[in-house]
1. Outside the structural domain of Q243 (by TED's automatic domain parsing), modelled with pLDDT of 85 or more and among the acidic types (D, E): does that describe E100?
2. Looking at (1) assigned to a helix (DSSP H, G or I); (2) over 19 Å from the mean Cα position of the chain (by Cα); (3) surrounded by fewer than 16 Cβ atoms within 10 Å (Cβ to Cβ); (4) at pLDDT 65 or above, which is the one condition that is false for V152?
3. Which numbered condition in (1) surrounded by fewer than 16 Cβ atoms within 10 Å (Cβ to Cβ); (2) in contact with a Leu (Cβ under 7 Å, 6 or more places away or on another chain); (3) over 25 Å from L348 (Cα atoms) is the only one that L282 fails?
4. For the stretch 224-250, which residues satisfy the criterion of being touching a residue at least 12 places away in the same chain (Cβ under 8 Å), surrounded by 16 or more Cβ atoms within 10 Å (Cβ to Cβ) and part of a helix (DSSP H, G or I)?
5. Suppose the filter is on the phi < 0 side of the Ramachandran plot and either at pLDDT 80 or above or among the hydrophobic types (A, V, I, L, M, F, W, C) (or both); does G94 pass it?
6. Working only within the stretch 275-291, note down all residues that are of a type in the set (A, V, I, L, M, F, W, C) and not in a helix (DSSP H, G or I).
7. Within the stretch 30-51, does at least one residue satisfy the condition of being surrounded by 11 or more Cβ atoms within 10 Å (Cβ to Cβ), modelled with pLDDT under 80, within 24 Å of the chain's Cα centre (by Cα) and more than 30 Å from G89 (Cα to Cα)?
Amino acid sequence: MKALIRFSLNRRLNNPVSMMLYAFSFALIAILLFADVILNSFAPALVNPRAIYMNTEMFAVLGDHLPTHLVYQKDKKLADITIEVRTDGYVVEGILDYNEKQIIDQLIHGYHRIIQMERLPDYLISVVDQVLIADIAWQDLEESKTNHLGFVVITSIYFMLLSFSTAVANEVVNEKTSNVIEVILTSVSHKHHYYSKLLIGWLTMVTQLFIHGFGFVFWLMVRTVYDQGFGLLEMVYRWGWLQERVLSFGSLLSSLNVTISQGINVLLCATFLMLGILLVQLLMVLISIHINSIEEAAAIQGPFYLGMLVIYYMAIFINSSQQLNQGIGYALSFVPVFSMLFMPSRLLSVNVLTSELLLSLFIALVMLIFCVVIGQEHYKRNLLKGSSKSSYVKK
């Protein structure tokens, strides 16, 4: 059994295609973490903010309201955009797109109102304040950034593991169609072959995650040594993907305010996801023993991926508090396979009772063990069916 696992892992992980995938992943992570450096070399306008010139009086009023992609420039000759105040209005020069025109239009109108208000007598200002300016009290409920980050991590792992869930099934089909399965079973029993396939799938997932994780950590350390990630974070902030300016990866991590309970929730989400993927992988293996050709395998994998996408989009659309606490999302969080995304959605969005969490985890674990035990006998009875048939033999 150990030799079979070692052989299968070596065949999967140590081949030219896998090496190309590792190299591509390694290069892609480097490109993403050094995107600002790369873009600055051939498209600096996407990285560097545009310089805008205005007189000092206007800047004193609008300085705190400039968008992140515009930076004040004192020298008019060096500015990309200039705003001149004249007696009959304002003149704006520069190459502007529609969005920039809208932003500058709002800034100028706001400045013009402020200047005109300052010129009014005090008794008129109080009247205008009461008539034109509404007293608004904002009481926003801030959503945790960790919830969004956790859901992004969970869904990323979900799609990554989907590609591995059918790998074991394809391997079984290949062994059957090439009639290699009979040779393998002369050295190992059906039971050992069955459990080795399950272990191979799990070890492949863990190994792939470790390899891609190593590449990410390596380039993250390189970027940290380079500039603590300042250039990349500044570019992301100017694009509006960050609400607050941060100077380093450490500051970004601190701004997330990750607590111990939130970290535990993310680990629980990963646990539900792993249990669901293992169950799906097991079901695909049990289905694959009834497949006798590559064409049949391709015909089955299409609906499988479609079903997994349906579960994913259901988890996205059924995300309201009412649905996750009382509706269909609540019910599906206890159903095996569906619970691998719906229970994480509940953990990251609403308060889940410990009894509900333990019940869902118990159902998922019992269902996995039940399928493993029942599937062993099913695997033994049907593994060799059709393996000796050939398309070249006339019936």
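1. On the way: outside the structural domain of Q243 (by TED's automatic domain parsing): yes; modelled with pLDDT of 85 or more: no; among the acidic types (D, E): yes.
Taking the combined requirement at face value, the residue does not satisfy it.
2. All conditions are met except number (2).
3. Single failed check for L282: (1).
4. Within the stretch 224-250, F230, G231, L232, L233, E234, M235, Y237, R238, F249 meet the criteria.
5. Working: on the phi < 0 side of the Ramachandran plot: no; either at pLDDT 80 or above or among the hydrophobic types (A, V, I, L, M, F, W, C) (or both): yes.
So G94 does not fit the description; no.
6. The first filter runs over the stretch 275-291 and keeps only residues of a type in the set (A, V, I, L, M, F, W, C), leaving 275, 277-280, 282-287, 289, 291.
Across the stretch 275-291, the qualifying residues are I289, I291.
7. Yes, some residue in the stretch 30-51 is surrounded by 11 or more Cβ atoms within 10 Å (Cβ to Cβ), modelled with pLDDT under 80, within 24 Å of the chain's Cα centre (by Cα) and more than 30 Å from G89 (Cα to Cα).
The values are calculated or read from the model by the stated rules, or taken from the named source; none is laboratory data. Here the structure is a predicted model, which is why all the values come from computation and not from measurement. Please note: Cβ atoms are built from the backbone with ideal geometry, for glycine as well, and neighbour counts cover all protein chains shown.
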